[in-house]
Amino acid sequence: MDAQSVLNEVARQAAVCTRCQLHFARKKAVPGEGPASAEVMLIGEGPGFYENEQGRPFVGAAGKFLDELLAAGGVKREEVFITNVVKCRPPGNRDPLPEELAACSEYLDRQIEALNPRVIVTLGRFSMAKFLPGVRISDVHGQPFWKGGRLVVPMYHPAAALHQPSLKTQVERDFSRLSEFIRQARTSVPKAVESQRSDPETPAPQKDEPTQLSLF
Ligand code: URA
């Protein structure tokens, strides 16, 4: 199945998913959006009020700020794929529960495999923990790591940054380096992963331990 077909299939399944309790209050699932050819995938936490209404990620206040951060980083929103670790809104915007994250993780795994992005930007600690478990975001934000042949860049969540001036400055500084990270991933991505990009049948080598880049 090609990447777009996988993304469509995940969206179709998420819309009617009953794997966890989040479906009870769901208006619209938010599977994510962006081109199937995107080199960059952004992963947030979960839909908020407006996302649940519209079925689209990051359309509220945090989304407006994210658009500004992307633009300042030299990247157009239409070029990236944006999704969340949970596809349905946690009531009252509470943190997603471990069982909800576990129930939804297969959708995200399929999206990552289909898209095969060079760069994954995690927004906030829940998406960061998928790639860098046990680390503190305050220790690693803005520092790219190689993981599974991709460059993973942990960033503060735009919503958290909106409410804390010190985080806002940090997240703006980190995002301002986004096109630099993308360029770096284009030039340093391991050859075998490169060949997987043109031949989806070839499995990518998995580097299990994150390696911090000394280049940055
Ligand atoms: N916050 C998120 O983490 N995701 C969204 O889609 C919107 C707000």
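Scan region 113-135 and give yes if some residue there is of a type outside the set (D, E) and farther than 30 Å from C17 by Cα, otherwise no.
yes
Among the residues in region 163-175, are any outside any helix (DSSP H, G or I), within 16 Å of the ligand (Cβ to nearest atom) and either within 22 Å of P57 (Cα to Cα) or not hydrophobic (A, V, I, L, M, F, W, C) (or both)?
Scanning region 163-175, I find at least one residue that is outside any helix (DSSP H, G or I), within 16 Å of the ligand (Cβ to nearest atom) and either within 22 Å of P57 (Cα to Cα) or not hydrophobic (A, V, I, L, M, F, W, C) (or both), so the answer is yes.
Return only the number of the condition from (1) open to solvent by less than 40 Å² (accessible area, probe 1.4 Å); (2) hydroxyl-bearing (S, T, Y); (3) more than 16 Å from the ligand (Cβ to nearest atom) that Y107 does not satisfy.
That leaves (3) as the condition not met.
How many residues does region 113-154 hold that are farther than 25 Å from L97 by Cβ, part of a strand (DSSP E or B) and either out of contact with any helix residue (DSSP H, G or I) (no Cβ under 8 Å at 6 or more places or on another chain) or of a type outside the set (A, V, I, L, M) (or both)?
Of the residues in region 113-154, 3 are farther than 25 Å from L97 by Cβ, part of a strand (DSSP E or B) and either out of contact with any helix residue (DSSP H, G or I) (no Cβ under 8 Å at 6 or more places or on another chain) or of a type outside the set (A, V, I, L, M) (or both).
With the checklist (1) modelled with pLDDT under 95; (2) assigned to a helix (DSSP H, G or I); (3) among the β-branched types (V, I, T); (4) in contact with a helix residue (DSSP H, G or I) (Cβ under 7 Å, 6 or more places away or on another chain) in hand, flag the one item T202 doesn't pass.
Against the list (1) modelled with pLDDT under 95; (2) assigned to a helix (DSSP H, G or I); (3) among the β-branched types (V, I, T); (4) in contact with a helix residue (DSSP H, G or I) (Cβ under 7 Å, 6 or more places away or on another chain), T202 comes up short only on (2).
Would you check if there is a residue in region 123-138 being closer than 25 Å to N8 by Cα, modelled with pLDDT of 95 or more and charged (D, E, K, R)?
There is at least one residue in region 123-138 that is closer than 25 Å to N8 by Cα, modelled with pLDDT of 95 or more and charged (D, E, K, R).
Can you tell which of T18, T83 is within 23 Å of M128 (Cβ to Cβ), of a type in the set (S, T, Y) and modelled with pLDDT of 95 or more?
T83
Give the residue that is nearest to C104 (Cα to Cα), with candidates limited to residues of region 123-138 that are in contact with a Pro (Cβ under 9 Å, 6 or more places away or on another chain) and not aromatic (F, W, Y).
Top of the filtered list is S127.
How many residues does region 31-43 contain that are more than 9 Å from the ligand (Cβ to nearest atom) and open to solvent by less than 10 Å² (accessible area, probe 1.4 Å)?
Residues flagged as more than 9 Å from the ligand (Cβ to nearest atom) and open to solvent by less than 10 Å² (accessible area, probe 1.4 Å) within region 31-43 amount to 4.
Only one of G73, G46, G92 is within 16 Å of the ligand (Cβ to nearest atom) and open to solvent by less than 50 Å² (accessible area, probe 1.4 Å). Can you tell me which?
G46
Considering region 49-65 alone, what residues qualify as being more than 8 Å from the ligand (Cβ to nearest atom), part of a helix (DSSP H, G or I) and open to solvent by less than 30 Å² (accessible area, probe 1.4 Å)?
Residues satisfying the conditions are N52, F65.
Output yes when any residue across region 99-111 is on the phi < 0 side of the Ramachandran plot, in contact with a Gly (Cβ under 7 Å, 6 or more places away or on another chain) and at pLDDT 95 or above, and no when none is.
Yes: region 99-111 contains one or more residues that are on the phi < 0 side of the Ramachandran plot, in contact with a Gly (Cβ under 7 Å, 6 or more places away or on another chain) and at pLDDT 95 or above.
The values are calculated or read from the model by the stated rules, or taken from the named source; none is laboratory data. Here the structure is a predicted model, which is why all the values come from computation and not from measurement. Methodologically, a virtual Cβ is constructed for each residue, glycine included, from the backbone with ideal geometry; neighbour enumeration extends over all protein chains shown. Ligands, DNA and RNA are excluded from the accessible area calculation, which covers all protein heavy atoms including side chains. Shrake-Rupley method; radii C 1.70, N 1.55, O 1.52, S 1.80 Å.
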